[in-house]
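The values are calculated or read from the model by the stated rules, or taken from the named source; none is laboratory data. If you're wondering where the values come from, they're calculated on a predicted model, not measured in any experiment. Cβ sites come from the backbone with ideal geometry, for glycine too, and all protein chains shown count toward neighbours. Please note that ligands, DNA and RNA were not included when accessible areas were found on the heavy atoms of the full protein model with its side chains. Shrake-Rupley method; radii C 1.70, N 1.55, O 1.52, S 1.80 Å.
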Amino acid sequence: MELPIYLDNNATTPMDPRVLEAMLPYFNSKFGNAASRNHAFGWVAEEAVDYAREQVAKLIGANEKEIIFTSGATESDNLAIKGVFEMYKDKGNHVITATTEHKAVLDTCKHIEKLGARVTYLDVKADGLIDLAELEAAMTPETILVSIMYGNNEIGVIQPVKEIAAIAHKHGALFMTDATQAVGKIPVDVNADGIDLLAMSAHKMYGPKGIGALYVRRKGPRVKVTAQMDGGGHERGMRSGTLNVPGIVGLGKACELCNAEMESEAARLSAMRDRLQKELTVLEESYVNGNVEHRLPHVANISFKYVEGEGLMMAMKDLAVSSGSACTSASLEPSYVLKSLGLSDDLAHSSIRFGLGRFTTEEEVDYAIEVTKKAVTHLRDLSPLWEMFKEGIDLNSIEWAEH
Amino acid sequence: MAYSDKVIDHYTNPRNVGTLDKSSHKVGTGLVGAPECGDVMRLQIQVDDNNVITDAKFKTFGCGSAIASSSLATEWLKGKSIDDAMQIDNMDIVEELALPPVKIHCSVLAEDAIKAAINDYRVKNGMEPIESEKAHH
């Protein structure tokens, strides 16, 4: 076992060697521009892009003509939300999203607010799921788009996408989902789920960084988005710019591998994840954040009360994990996703996200459990809050000197 | 962000972790920070009849820099008169531990904890608390 151990697969994944192998020829020997229609170099590149488009489409049950290549999920989210708003704003100016969305969606929604959109940010329940009745109540004749993520990046909670889509459609709105964490990990089918637009990224599924895709429905309804980049009219006019052929080949291969291995991989990861959660919640005052049933197979987000996340991460220096604490930022604000679940600030500061992946082994999970237990115990010995808790002092009764 | 060796050393082998008898008139306790801010520091000093700090203990909830700052503070406090201890400046801690700008907050917290502990001791023993000249907030 090599140290440090990478357990931050929600941030990014290492590239699968099979993906790299597929990409390599497209950097040199097959370097053509896919838009060069008048010679063999261009044809070879175009053929590779077409094949990748099929591989991507197949993973999400789409038609290859519905796949638009972008630089990643952030660009896909931007193109979808801004593009739909600009295209349909004469029909209505209302957009609905949730407070636990990724910043790529939230900040894009903030942007269209400046352009005249009215955006409803739905709160989530304590388990991280949105309340369908609340969504229904928020729908108006002006609503043109509902954008709710598939699986959450911090807590892994999977939203009831099918039901959300049905509500959006009942009221004549489009349904978009940021499926960056879900695609390739769990079955996603744009037709069965009723998805009109879907954002995804290669580097979250063992592909390269800098490449992603936007699914745009072509039939029932035919969805249009206003291009956000002007240029040569690539990607059916929706996203200009010379195609990143090696990246696209890598995305395609990554999708193919996920498609083939998803079922067994999800079972393997969720078994390891469940063991991690079970072993770590043996520790007193530790809690799993987010719904434990409707959850991506590889994510565990756990709060260890009375220890601070960043301090904890330092004690687990051989583990690459992520903390809900924002002690490194000037704001000192803990994770807004955890706060949306109703977690108090101190509990949000005490949270660690474990993101397992394709290359995570049983041995590594065992090691992570051992190291985390030791670190939590060490830091609790240092924690005045733990001491107070053990003495039965109510921490809320103390008048804290805030800084 | 990479921590300095000194921060890692204090974090891994914290000095003077523990609890002194809060009710003793020889002990001053300073509790600063707030759980919702992600930092709580408790610093305690034991003072002899000549106003010299004979022992210091800490417990801290916070990041590595906060733990290191309070651990270092206890080392510096031991053997100092309370008047000299009052002169410890947060920037001395920043310098000693090579804290990056984003972690200066931790040193401020340590300075405040020192002053709060000294003032707790002073008030307990019939002296006036000393107002801090620096405005941190």
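Annotations for the structure displayed:
- With eigenvalues of the C-alpha gyration tensor scaled by 5 and rooted, the range B:1-62, Å: 25, 16, 8
- Here the dipole of the range B:5-123 is about 340 debye; that uses its Cα centre as origin and unit charges on the Cβ of Lys and Arg (positive) and Asp and Glu (negative).
- Of all DSSP beta bridges in the protein assembly as shown, antiparallel share, percent nearest 5: 70
- For the range A:301-393, applying the loop criterion from DSSP together with a ceiling of 11 other beta carbons within 10 Å to the GluC sites (Glu not before Pro) yields A:Glu391.
- The residues of the range A:17-257 present an accessible area of 39 Å² per residue when probed at 1.4 Å with all protein chains retained.
- Cα-only Debye scattering, the protein assembly as shown: base-10 log of I(q)/I(0) at q = 0.06, 0.11 Å⁻¹: -0.37, -0.97
- Simple spin-label estimate for A:Asn63 and A:Asp189 gives 1.8 nm between the two label positions (7 Å along the Cα-to-Cβ direction from each Cα).
- Percentage relative contact order, the range B:5-123, counting C-alpha pairs under 8 Å, at least six apart: 31
- Span-like helix ranges in chain B, DSSP H, alpha carbon extent 15 angstrom or more, Kyte mean at least -0.5: B:64-77, B:104-124
- With 20 Å as the limit, the listed pairs A:Lys114/A:Lys162; A:Lys162/A:Lys185; A:Lys373/B:Lys6; B:Lys22/B:Lys57 have A:Lys114/A:Lys162; A:Lys373/B:Lys6 beyond it between alpha carbons.
- Portion, in percent, of the accessible area of chain A that falls on carbon or sulfur, probe 1.4 Å: 52
- Chain-alone versus full-assembly comparison, the range B:37-71, residues with accessible loss of at least 20 Å² (1.4 Å probe): B:Cys37, B:Gly38, B:Val40, B:Arg42, B:Lys59, B:Thr60, B:Phe61, B:Gly62, B:Cys63, B:Ile67
- Mean Cα-pair separation over length for chain A, i.e. relative contact order, pairs under 8 Å, 6 or more apart, %: 21
- Members of A:Lys110/A:Lys224; A:Lys58/A:Lys170; A:Lys82/A:Lys103; B:Lys59/B:Lys115 lying beyond 23 Å, as alpha-carbon distances in this model show: A:Lys58/A:Lys170
- Distance from the range A:216-246 to the range B:57-129 (C-alpha centre basis), Å: 59
- Residue-averaged [θ]222 nm for the protein assembly as shown, counting only DSSP H segments that reach four residues, each worth -39500 (n - 2.57): -12000 deg cm²/dmol
- For chain A, the longest principal axis of the C-alpha atoms and the axis of helix A:161-170 are separated by about 60°.
- Between the C-alpha center of the range A:334-383 and that of the range A:1-80 there is a gap of 33 Å.
- In the range B:68-137, the portion of solvent-accessible area held by carbon and sulfur atoms comes to 50 percent [1.4 Å probe, whole percent, DNA, RNA and ligands not counted].
- Charge-dipole axis of chain A as Lys and Arg at +1 and Asp and Glu at -1 on Cβ define it, positive-most pick from A:Leu174, A:Ser71, A:Asn33: A:Asn33
- B/A buried area, accessible surface, summed, 1.4 Å probe, Å²: 2700
- Taking every Cα-Cα distance in the range A:17-257 and sorting them into 10 Å bins from zero, the calculated P(r) comes out as 8, 34, 35, 17, 6, 1 percent.
- Acute angle (nearest 10 degrees) that the helix A:245-280 long axis makes with the longest principal axis of chain A, alpha-carbon atoms: 20
- With N counted as the residues of chain B, its alpha-carbon radius of gyration over 2.2 N^0.38 Å works out to 0.98.
- Taking Cα atoms only, the orientation of helix A:40-59 departs from the longest principal axis of chain A by about 50 degrees.
- Label-to-label distance, nm, for residues given as B:Ala2 and B:Met127 (7 Å Cα→Cβ offset): 4.3
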